[in-house]
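The values are calculated or read from the model by the stated rules, or taken from the named source; none is laboratory data. Predicted model, so just to flag it, every value in this text is computed and none were measured. Cβ placement follows ideal geometry from the backbone for every residue including glycine, while neighbour counts extend to all protein chains displayed.
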Amino acid sequence: METNSFEWWEDGAGANDVAPAGVPAETSEYFGRIYLEGEFLNHDILEISVLCDELETPVLGMAFHLTYDPEILSFLRYDPGSFLERGGDPFYLVMAMSDGAGFESGELVFGETLRRGDQYPVGGGEVVKFYFQELSGDVRDGVGSFEFGFENGVVSTLDTVRQDIDGVKFEDLELGSGEMLVEESESGFDPAYLGANVGKSFEVGGWVVWVVIVCGMLFSAAFWYFFKRKKVVEIADFGEEG
């Protein structure tokens with residue numbers, strides 16, 4: 001199945017509400033895709049890789065909500081991918097949402113962006129890896145499947161101001177027992193490190209991710225401005241004493 005990029009600050013909208021053709025209603029052009037792959041690591045750990053391909057427009061950042069079944073999977077942590085990392089030092093937001101009782105709601109919020117002045121990559125690569133713990137062995141026993149879906153997906157570029165790239169397809173994933181790879185060798189995953197970013201119980205619209213990202217960028221710029229200004233003052237003071 002496929003979902004679509006849309007103006008995700010419009011609360012209440014869904015990626016599937018924009019256009020059934022797989023791309024935004026205002027264009028039928030194709031400008032790349034975001035898709036998923038999955039495999040088991042260390043018995044009950046499921047690794048989901050978010051990948052991109054055929055992105056022709058330089059990418060500033062991307063964001064989406066990833067849905068899953070919290071009855072059979074629990075989010076553990078994420079590892080950055082190499083796609084945006086090759087353009088600079090991206091800022092990340094990853095949050096597993098919870099319901100009113102404090103349990104996972106089955107929605108993972110992800111946002112990643114480079115900064116002005118970085119190199120914006122094109123083409124394809126790995127965006128991020130998510131790790132989940134299997135709560136039941138039913139799927140591997142042939143009962144049911146793991147389903148992951150994109151909502152509120154957007155890929156952005158920078159042309160004077162941030163602009164969304166239309167025509168990027170977000171492809172959902174359904175994994176049955178016969179479709180999953182099982183990797184028993186060294187994976188680099190440490191089960192003892194459960195860096196889960198579990199959100200509090202509140203509604204999150206897509207616009208929240210970009211608000212947090214912008215705040216992080218402003219904080220970073222303010223820090224470096226203060227640091228450099230302080231250093232200049234110290235040098236000036238030292239010169240006066242000499």
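Being part of a strand (DSSP E or B) and farther than 30 Å from Val143 by Cα is the filter here, so list the residues in the range 53-93 that pass it. Selection gives Asp53, Glu54, Leu55, Gly61, Met62, Ala63, Pro80, Phe91, Tyr92, Leu93. Of everything listed in (1) at pLDDT 95 or above; (2) farther than 30 Å from Gly144 by Cα, the single unmet condition for Tyr30 is (1). Against the numbered list (1) within 21 Å of Tyr78 (Cβ to Cβ); (2) modelled with pLDDT under 95; (3) buried (at least 17 other Cβ atoms within 10 Å of the Cβ), Leu135 comes up short only at (3). Pairing each residue of the range 137-156 that is among the small types (Gly, Ala, Ser) with any residue that is assigned to a strand (DSSP E or B), provided the two are 6+ apart or on different chains, yields C-beta distances under 6 Å for Ser145/Glu174; Ser145/Leu175; Gly149/Thr67; Gly153/Phe64; Gly153/Phe170; Ser156/Gly61; Ser156/Arg162; Ser156/Asp164. Every condition in (1) within 20 Å of Gln133 (Cβ to Cβ); (2) surrounded by fewer than 15 Cβ atoms within 10 Å (Cβ to Cβ); (3) not aromatic (Phe, Trp, Tyr) is met by Ser74 except one, and the failing one is (2).
Return the total of residues in the range 132-170 being of a type in the set (A, V, I, L, M) and part of a strand (DSSP E or B). First the steps, then the outcome.
Looking only at the range 132-170, we keep the residues that are of a type in the set (A, V, I, L, M), and these are 135, 139, 143, 154-155, 158, 161, 165, 168.
Remaining after also requiring part of a strand (DSSP E or B): 154-155, 158, 161.
Matching residues across the range 132-170 total 4.
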